[in-house]
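J.: My questions will all concern the structure given below.
The values are calculated or read from the model by the stated rules, or taken from the named source; none is laboratory data. None of the values given here were measured: they were computed from a predicted structure. All Cβ positions, glycine included, derive from the backbone under ideal geometry; neighbour counts span all protein chains shown. Surface areas here come from the heavy atoms of the whole protein model, side chains and all, with no ligands, DNA or RNA. Shrake-Rupley method; radii C 1.70, N 1.55, O 1.52, S 1.80 Å.
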Amino acid sequence: MATKFFVLFLPFLFCSFVHSSIELGSSIVAGTNSSWRSSSGDYAFGFYHLRSGRYLVGIWFDKIPNKTLVWSANRDKPVEIGSTVNLTQSGQFVVQPVNDVLFSIHDGTNTTSAVMLDDGNFVLRDSLSNYLWKSFDSPTDTLLLGQTMQVGQKLFSNTEGSVDYSTGQYSLEIQQSDGNILLKAYRYTDSAYWWSDTAGNEGVRIIFNNTTAALYAVNRTNQIIHNLATADIGAIEDNYHRVLVNDQGNFQKLIYPKKNGSEWIAMWNAVTKPCTVTALCGVYGFCDTTGSDTKNYTCECLPGYTPFDPTAPSKGCYLSQAKNLCAANSSAPDNTVEVKEVQDADIPSKGFFFFDLQGIDNTDLENCKRELRDDCLSMAAVFNGSTCIKKRFPIINAIRLTPDTSNHVMLIKVPLVDNEKDSSLVVLTVALILCSLLAVLFAATAIYHHPFCLYLIHKRTPPKPKPKPMDINLKAFSFQQLREATNGFKDKLGRGAYGTVYGGILNLEGQQVEVAVKQLEQVEDQGEKEFVTEVQVIALTHHKNLVGLLGFCNEQNHRLLVYEKMENGTLSNFLFGEGGKPSWESRVRIVLEIARGLLYLHEECDQQIIHCDIKPQNVLLDSSYTAKISDFGLAKLLMKDKTRTNADARGTMGYMAPEWLKNAPVTSKVDIYSFGVMLLEIIFCRRHIELHQIEEGTNGDDMILIDWVLCLAKENTLRNTVIHDPEVESDFKRFERMTMVGLWCINPNPTLRPSMKMVVHMLEGNIEVGVPPIN
């Protein structure tokens with residue numbers, strides 16, 4: 001009997017074996033349920049199984065029934081069953097996905113072992129047991145007891161709780177410039193909706209104390225400057241602890257009782273009024289609370305708007321009946337729109353980059369409604385008792401919150417269906433009903449006499465579903481208006497692949513606004529409907545790293561687009577102009593801004609946009625030198641269900657991906673290639689091709705930038721290029737990482753190029769960057 005018990009117990013013992021030290025050559029295979037556990041058994045490292053059937057390389061609480069995930073190495077790129085994580089004999093810590101490129105978690109060579117510690121920190125050690133790499137140094141959305149968060153580290157929320165662990169829209173960071181701790185919806189704005197008021201301190205860190213479970217911030221001298229969450233009552237060993245930025249934008253401290261625990265309990269929340277979180281209910285959503293209860297909320301759509309996903313109201317809404325209210329042939333406003341009132345609601349603008357459009361003092365509610373109705377550029381306003389504040393679109397922070405928004409009236413302008421069209425629709429409906437009845441009688445007779453007709457009836461093609469309307473709120477200009485604004489198109493700012501750009505000044509809402517007017521020259525064969533559709537798609541893109549479209553002209557054969565003017569010109573002039581080499585930090589920042597703009601175009605806007613001509617001339621800098629991508633949406637547009645297209649070669653030589661010239665399927669990876677070339681231009685401050693030799697003794701191999709960088713990487717001589725630039729040399733690790741990212745992007749095989757989301761995470765240092773193929 002004892003022998004049988006021992007044999008039955010062996011499999012359990014094998015699967016639950018606690019690893020005190022993981023030796024070189026060890027590996028885990030996704031789908032085998034094996035893991036590397038801490039000596040206490042509280043934490044495990046391995047492949048975390050997702051509902052989708054894929055796996056994340058991660059760390060989780062192993063004794064909790066739902067195995068709460070606290071860290072992941074590949075949150076944005078889950079792998080298939082059969083993938084492996086390996087601690088190689090050479091000391092590298094890598095993930096080998098099935099049918100995909102290997103990526104590195106840590107590529108050091110001095111590693112001799114690894115261990116899953118009892119505090120949830122997975123570490124790599126050298127022969128003297130010094131830590132070479134720690135998971136605590138690259139957090140995802142969670143901090144554990146004993147963990148410290150430094151300047152330069154960030155926490156990013158999940159997209160959707162335990163359903164989608166990919167990077168969400170909220171972040172927590174310690175601001176390097178002043179030491180303030182900020183929570184923000186980083187994909188919408190740089191402005192925070194919660195902050196710690198610790199500005200003016202240096203060396204700020206967040207500490208999650210492992211003896212008291214208190215959460216606080218200290219400065220460079222370890223003085224506590226802000227208490228976030230107080231110590232727990234009772235023994236901390238009775239509970240599991242974590243600090244989290246959740247998918248609703250809150251920063252919270254949670255516990256899970258070890259005895260009879262069933263769920264995580266929030267002990268502290270940074271945000272006590274959820275509706276103050278930016279974009280909590282998505283674009284054109286409305287965050288509504290009931291009475292004095294400000295902790296519970298519901299997400300709805302603004303009046304006249306429809307949810308993108310009825311099962312998930314927080315994903316935002318679109319305008320149900322879209323109209324171009326600024327078109328030259330628009331009817332009187334009274335006949336085309338109505339203004340809906342929402343009592344005790346507001347669209348607060350404090351801290352947001354979506355500034356108020358116009359404020360009108362000493363007015364009443366009826367006049368405010370009239371002002372909104374007559375203004376084709378505004379779709380919303382707020383009346384606070386004496387002042388009418390018209391709002392710019394898109395609306396991302398409409399709320400009802402007692403008492404903050406009490407006695408405010410939110411006004412939403414909703415386009416009406418034309419009465420004439422309504423009448424026509426009624427007539428058409430009646431006619432269709434009568435025809436249908438006659439058709440039924442005829443069909444019955446035909447079937448009676450000819451049974452084969454039944455087959456013919458069933459062959460009819462069902463009608464196509466009506467597409468969702470698109471929301472557009474742009475100013476439609478006449479050609480004469482733009483001719484006058486640009487002084488007869490005399491101030492030429494530049495010329496690109498799609499036309500010439502002219503500077504001008506337009507009077508918008510009583511203000512003189514500098515604009516850039518692009519006169520399109522390659523749309524002769526494009527119909528009016530296609531042009532308007534293209535403009536609508538561009539108008540629906542809202543991102544701080546994209547140049548904003550203010551209006552358009554579609555008059556006879558004149559097709560023009562009106563953009564906000566970027567005061568500091570093109571990135572090309574900034575990099576290679578007469579002003580000297582820009583600082584290393586500004587170049588790094590610009591690379592990240594461009595990457596985030598491209599990520600939005602590829603994966604985050606409603607219709608995927610492939611730019612097809614990414615280059616420094618198509619990146620502009622505003623007054624604060626923020627990088628903004630221009631000319632997007634002017635090439636081939638792809639819906640999300642059309643991932644490939646064959647098209648004529650587009651773009652600029654030197655930045656064009658090889659597949660353009662091979663008549664191969666073109667995907668968003670063509671932009672990745674172009675971005676890789678431009679990334680190398682930015683960090684090396686070198687044009688992609690030089691007409692003369694730059695370095696001595698290179699036999700001209702340095703004339704083409706990507707060939708030169710590949711050669712440097714192959715010979716491991718990258719550091720030689722920065723020895724005369726102390727700023728870059730002191731940050732060589734980041735310079736080297738960004739170079740490797742650039743080389744991954746320019747891989748001739750598009751399937752080996754990373755996605756834009758992966759590029760952003762590699763650049764931000766959230767995941768390690770492996771050595772790309774350089775042969």
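J.: Which value in nm describes the separation of the simple spin-label points at Ser624 and Lys581, placed 7 Å from the Cα toward the beta carbon?
T.: Inter-label distance under the simple model: 2.8 nm.
J.: If I stretch the segment between Leu508 and Asn66 completely, what's the gain in nm (0.36 nm per residue apart, minus their alpha carbon distance), one decimal?
T.: Difference between extended and current length: 153.5 nm.
J.: Sticking with this one: Just by accessible area at a 1.4 angstrom probe, what is the order of Thr32, Thr336, Thr311 from largest to smallest?
T.: Highest to lowest solvent-accessible surface, that is Thr311, Thr32, Thr336.
J.: Quick one: compute the contact order of region 529-573, relative version, from alpha carbon pairs under 8 angstrom and 6+ residues apart, as a percent.
T.: 26
J.: Using the structure shown, list the pairs from Lys390/Lys544; Lys475/Lys757; Lys733/Lys757 with a Cα-Cα distance above 31 Å, or answer none.
T.: Lys475/Lys757
J.: Indicate the gyration tensor shape class of region 11-165 (rounded, prolate or oblate), computed on the Cα atoms with a ≥ b ≥ c the square roots of the eigenvalues: a/c under 1.5 is rounded; otherwise a/b larger than b/c is prolate and the rest oblate.
T.: Since a/c stays below 1.5, the shape of region 11-165 is classed as rounded.
J.: Once the Cα atoms of region 64-122 are picked out, what are the Rg and Dmax in Å?
T.: Final numbers for Rg and Dmax: 13.1, 37 Å.
J.: Taking a spot 7 Å from the Cα of Asp118 along the direction of its beta carbon, which residues of region 41-76 have an amide N less than 16 Å from it?
T.: 41-44, 62-63
J.: What is the sum of charges, Lys and Arg at +1 and Asp and Glu at -1, for the other residues whose Cβ falls under 13 Å from the Cβ of Cys275?
T.: Around Cys275, the surrounding residues sum to -3.
J.: How big is the accessible area of Asp190 in square angstrom, nearest 10, if you roll a 1.4 angstrom probe over the protein chains?
T.: Rounded to the nearest 10, that gives 100 Å².
J.: On full extension of the chain, what length is gained from Phe479 through Arg220, given 0.36 nm per residue of separation minus the C-alpha to C-alpha distance?
T.: Result: 87.2 nm gained on full extension.
J.: Got the relative contact order for region 17-161 handy, in percent, Cα pairs under 8 Å and 6 or more residues apart?
T.: 20
J.: Over region 173-283, give the accessible area per residue in Å² for a 1.4 Å probe, as an integer.
T.: The answer is 45 Å² per residue.
J.: If you place +1 on the Cβ of every Lys and Arg and -1 on the Cβ of every Asp and Glu, how big does the dipole about the Cα centre of region 167-305 come out, in debye to the nearest 20?
T.: Roughly 220 debye for region 167-305.
J.: Separate question: Taking the alpha-carbon centroid of each part, what is the distance from region 32-78 to region 567-640 in angstrom?
T.: So the separation of the two Cα centres works out to 37 Å.
J.: Between Asp137 and Asn210, what FRET efficiency follows from the Cβ-Cβ distance if R0 is 22 Å, with the result rounded to 0.05?
T.: 0.85
J.: Using the alpha carbons of region 85-189, what is the convex hull volume per residue in cubic angstrom, as a whole number?
T.: Here the figure is 159 Å³ per residue.
J.: So for region 169-328, Kirkwood radius off the Cα pairs, Stokes-Einstein at 37 °C and 0.692 mPa s: how many µm² s⁻¹?
T.: It comes out at roughly 181 µm²/s.
J.: Multiply the residue separation of Thr272 and Ser129 by 0.36 nm, subtract the distance between their alpha-carbon atoms, and state the gained length in nm to one decimal.
T.: 47.1 nm
J.: Starting from the Kirkwood radius over alpha-carbon pairs of region 162-244, derive D by Stokes-Einstein at 37 °C in a medium of 0.692 mPa s and give it in µm² s⁻¹.
T.: My calculation gives 228 µm²/s for D.
J.: Could you tell me the relative contact order of region 181-310? Use alpha-carbon pairs under 8 Å, at least six residues apart, and round to a whole percent.
T.: 15
J.: Projecting each Cα onto the charge dipole of region 169-222 (Lys/Arg +1, Asp/Glu -1 at the beta carbon, about the Cα centre), which of Ala213, Thr189, Ile174 comes out farthest on the positive side?
T.: Ala213
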